[in-house]
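Report on the following structure.
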Amino acid sequence: MRPWKIAVLAASVLVAGCDADFSGDRSAAASVDGFDSVRIVGDAGTIEVAGDAGRTTLNASGTAYATSAARLETIQFVVRPDGDVLVVEARAAGANSRFDIAIAIPGTLAVIVETGAGEAVLRDVRSARVRLGAGNVTIDGVGEDVRVESVGAGNVTIADVGGRVDVSNIGAGNVDITTVGGGVDVRDIGVGNITVRDVGGDLSVGNRGVGNVTHSDVRGAVNVR
């Protein structure tokens, strides 16, 4: 078994004048030695991930919100290995519960984000893959490929990608993609505008519903259907 270390801390307080009456700070830290990627799983809340080339550990912090002290205590970081993937669970099940988190990782790791509702912000990571029920997605500064596999409702903004970008299954929301070294493939968009600029490879847009497509400085072939 791979040796690895994890530390988890929690503190809770009563919050006045908030939809969720109770909130608590959470933190966790883990070694990333031997891991190729980080998978972050949530239910509701903002997820921010920042890569740093000089970092050697994963450090997570966040604030949990709930309508009761008992429910608040169930909202914790759970960090566990799954093969060469380090899994960070930030669950916040229940009405009016959420878990807003920020995670710092080495920039050499790939990142996978899967969550229900909230905002996902990923910066300066090796590669990125996102599935989000509802909310905005912002991805910036990725060395390799980006895949946004599904967003029920929300805008997708992607910039400064070294590899290719694939965006699919967006129910309603605008897609804005800028400065991509490889190709771009956008498909299965229900309602929303698509804007693509500065692409080193091909651009393909297909199976879209209502909305405009604008593109410029695409150095490969363009296929808009």
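Quick notes on this structure:
- Restricting the range 13-25 to residues that are touching a Ser or Thr at 6+ places or on another chain (Cβ under 7 Å) and part of a strand (DSSP E or B), the residue that is modelled with the lowest pLDDT: 13
- For the range 155-174, residues that are without any contact (Cβ under 8 Å) to a residue 24 or more places away in the chain and crowded, with 21+ Cβ neighbours inside 10 Å total 6.
- Count of residues meeting criterion [under 16 Å from residue 127 (Cβ atoms) and in a strand (DSSP E or B)] in the range 157-178: 8
- Number of the exception - residue 84 against (1) among the acidic types (Asp, Glu); (2) more than 21 Å from residue 138 (Cα to Cα); (3) out of contact with any Ser or Thr (no Cβ under 9 Å at 6 or more places or on another chain): (3)
- All of 198, 185, 217 fail the test of being of a type in the set (Asp, Glu), in a strand (DSSP E or B) and within 20 Å of residue 149 (Cβ to Cβ), apart from 185.
- Residue in the range 201-214 that is modelled with the highest pLDDT, counting only those that are small (Gly, Ala, Ser) and part of a strand (DSSP E or B): 204
Residue-by-condition table, conditions (1) closer than 30 Å to residue 189 by Cβ; (2) more than 11 Å from the chain's Cα centre (by Cα):
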{"site": "59", "(1), (2)": "no, yes"}
{"site": "91", "(1), (2)": "yes, yes"}
{"site": "121", "(1), (2)": "yes, no"}
{"site": "160", "(1), (2)": "yes, yes"}
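Each row is one residue, and each column tells you yes or no for (1) touching a residue at least 24 places away in the same chain (Cβ under 8 Å); (2) in contact with a Lys or Arg (Cβ under 7 Å, 6 or more places away or on another chain); (3) crowded, with 17+ Cβ neighbours inside 10 Å.
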| position | (1), (2), (3) |
| --- | --- |
| 44 | yes, yes, yes |
| 52 | yes, no, no |
| 58 | yes, no, yes |
| 62 | yes, yes, yes |
| 67 | yes, no, no |
| 73 | yes, no, no |
| 76 | yes, yes, yes |
| 85 | yes, yes, no |
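The values are calculated or read from the model by the stated rules, or taken from the named source; none is laboratory data. What you are looking at is a predicted structure, and each value in this text was computed from that prediction instead of being measured. Positions of Cβ are generated from backbone atoms using ideal geometry, with glycine treated the same way; all protein chains shown enter the neighbour counts.
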